[in-house]
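Nothing in this text is a laboratory measurement; each read-out follows from the coordinates by a stated rule. What you are looking at is a predicted structure, and each value in this text was computed from that prediction instead of being measured. Virtual Cβ from ideal backbone geometry, glycine too; neighbours counted across all protein chains shown.
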Amino acid sequence: MKNVNRVILSFILILLTTSFRTENQDRETVYLLFDDSSLDSCIAENYELAPKVKKFRKVLVKDHWYFFICDAQFVTDSKTDTLSSADFSKLELVNYEYLLSQNERLDQFTYHTFAHIYFIEEVCEGKYLRYEMHWPDPRISSIYEYY
């Protein structure tokens, strides 16, 4: 009987491991140019008093950078990587609308849509920072409580 239970447990573990690995392999890694010097604006539903906000914003709260694109909130707690202009030119960049369309097309929670999201920020001519971002579940974590 013990052997049967071990076989069943092993089978379940293999099945779970395989499905998790397959799920991560199917999701893509995306790179987005984050330009907080941009003057672009958008309508943000979360701001009642001033609904027109700067499209790209970032805020440091308790050792975590929060990045905003319109209403969407992203967070990073990892260190940044530096990219040269040669490395930057190899990247296939997407825009914010692509993130939204993929999320809608896949009908996923935002934090499950992509394997990795990287924001690229130009710090000076030819030098870039790469942040690994997380699109947090707004039901669990939100910076709006800090405002």
- What is the local net charge at Lys79, summed over the other residues whose Cβ is closer than 15 Å to its Cβ (Lys, Arg +1; Asp, Glu -1)? -4
- Extension gain Asp71-Asp87, at 0.36 nm per residue separation less the Cα-Cα distance, in nm? 2.8 nm
- Message: What distance in nm separates the two pseudo spin-label positions at Lys58 and Lys127, each 7 Å out from Cα along the beta-carbon direction?
- Response: 1.4
- Message: Under 22 Å between alpha carbons, and skipping anything fewer than 8 positions from Lys62 in its own chain: which lysines qualify?
- Response: Lys79
